Each structure stands twice: as C-alpha cells, then as structure tokens.
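Data block below; observations after.
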Amino acid sequence: MAQRQVAVVLPSIRSAHNTGSFFRTADAAGVSKIYLAGYTAPPPHPHVLKVSLGAEESVPWEYCADPIDLATKLCDEGYQSVGVELTDYSVDFRKANYSDKVALWFGNEIHGLSPELQQLMDMMVKIPMHGLKESLNVSVAGGVMIYHVTHY
C-alpha cells in the first residue's frame, strides 16, 4: 500500500505551544504539510519555536487567514477533509474510511471546529473517551490521529 498523504489543518489554535507540538508530531510521523489558519501563531513565534525544536524547518507549512477558503482549496486539491471533533454524528476514528489524501482538521481548544467548518468536512471523527473528561488536549489528540492516519 502506498503511503497516505496527510496534511494537518490548525484553524485558530489558541496556544502556540500546541502549535509547536503539532510540528514535532508532524515531523516524526511524516505529515506532508501543516496549514495554519485564523489566529493560530505561525513560526517564528517564540513559543512555537520552543516546542517544535526546529521541526518547523523540516515540515512544509502555509498560513491562510480564512479557514473557509482553505477548506475549499484543499477540496479542490483532492483532499478528504476530516474534522476531529466530538459531535452527534462523529464516527470512531478507528472505524473511519480514509482516502489516499487526508486533511485532518483540529479545532480551537475551547470551542472546537466552528459549525461552518464542520459543514465543510467530508467526515467527522472522534476519539472515544473512557474517563470523566470528555476530551484530550488538542495536540495529544493530534498525536493519536496523525499516527493512526499515517500508519494504518
């Protein structure tokens, strides 16, 4: 099986530390590109650089101000847009069918993916929770999803 092409999309991530963590994970897992959108801090923000430890130099990245425009662009490029979000219609990430080109969308730490962005997704997936908390830190969820989609 050919390696799946995986992009990561970070619209309006509040914490530059989380953004830096995504760069480190993307580098380790072989993500093809990171797209930053909205108010997500891009390199060379000092907190991004502190956590990424240089991965922002090895992982291609692009900034797009409007995540809605970015969703359209990625669709036009043949990406399957997958929102990682707990919704009534999200499917277990382990049971989802991923295409050969996947854009994984991770939402804001407080509000998640906006309803407008959710409507543009080809699929919504969730990571089942077994504890009292209903979510993982966004960069931790990123690690779970990125490794799953790039390696299975």
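Here are a few things to note about the model shown:
- Consider region 10-32 and keep the residues that are among the polar types (S, T, N, Q) and over 17 Å from Ser81 (Cβ atoms). The one that is surrounded by the most Cβ atoms within 10 Å (Cβ to Cβ) is Thr19.
- Residue in region 124-131 that is hydrophobic (A, V, I, L, M, F, W, C), closer than 23 Å to Asp27 by Cα and in contact (Cβ under 8 Å) with a residue 60 or more places away in the chain present: no
- Search result, residues across region 33-54 that are among the aromatic types (Phe, Trp, Tyr) and surrounded by fewer than 19 Cβ atoms within 10 Å (Cβ to Cβ): Tyr39
- Filter result for the condition that a residue is within 15 Å of Asn108 (Cα to Cα), within 13 Å of the chain's Cα centre (by Cα) and not aromatic (Phe, Trp, Tyr), over Val31, Val8: Val8
- Filtering region 77-99 to residues that are touching a Ser or Thr at 6+ places or on another chain (Cβ under 9 Å) and of a type outside the set (A, V, I, L, M) leaves Gly78, Tyr79, Gln80, Gly83.
- Leu86 falls short on exactly one of the conditions (1) at pLDDT below 95; (2) of a type in the set (A, V, I, L, M); (3) over 16 Å from the mean Cα position of the chain (by Cα), and that condition is (3).
- Test: residue in region 75-93 that is among the charged types (D, E, K, R), touching a residue at least 12 places away in the same chain (Cβ under 8 Å), part of a strand (DSSP E or B) and surrounded by fewer than 16 Cβ atoms within 10 Å (Cβ to Cβ): yes
- Residues of region 34-55 that turn out to be more than 19 Å from Leu113 (Cβ to Cβ) and either within 15 Å of the chain's Cα centre (by Cα) or among the aliphatic types (A, V, I, L, M) (or both), as a count: 6
- Residues that are part of a helix (DSSP H, G or I) and of a type in the set (A, V, I, L, M) were ranked within region 1-54; the one that is farthest from Leu136 (Cα to Cα) is Leu49.
- Annotation note: Cβ proximity below 7 Å between a residue of region 55-67 that is closer than 17 Å to Val6 by Cα and a residue that is charged (D, E, K, R) (sequence gap 6+ or interchain) occurs for Ala55/Arg24; Ala55/Asp27; Ser58/Asp27; Val59/Asp27; Pro60/Lys33; Trp61/Lys33; Glu62/Lys33.
- With respect to the conditions (1) in a helix (DSSP H, G or I); (2) surrounded by 15 or more Cβ atoms within 10 Å (Cβ to Cβ), Glu57 falls short on a single one, namely (2).
- Once region 101-145 is narrowed to residues that are basic (Lys, Arg) and surrounded by 14 or more Cβ atoms within 10 Å (Cβ to Cβ), the residue that is farthest from Pro67 (Cα to Cα) is Lys126.
The values are calculated or read from the model by the stated rules, or taken from the named source; none is laboratory data. Values in this document were obtained by computation on a predicted structure and should not be read as measured data. Cβ sites come from the backbone with ideal geometry, for glycine too, and all protein chains shown count toward neighbours.
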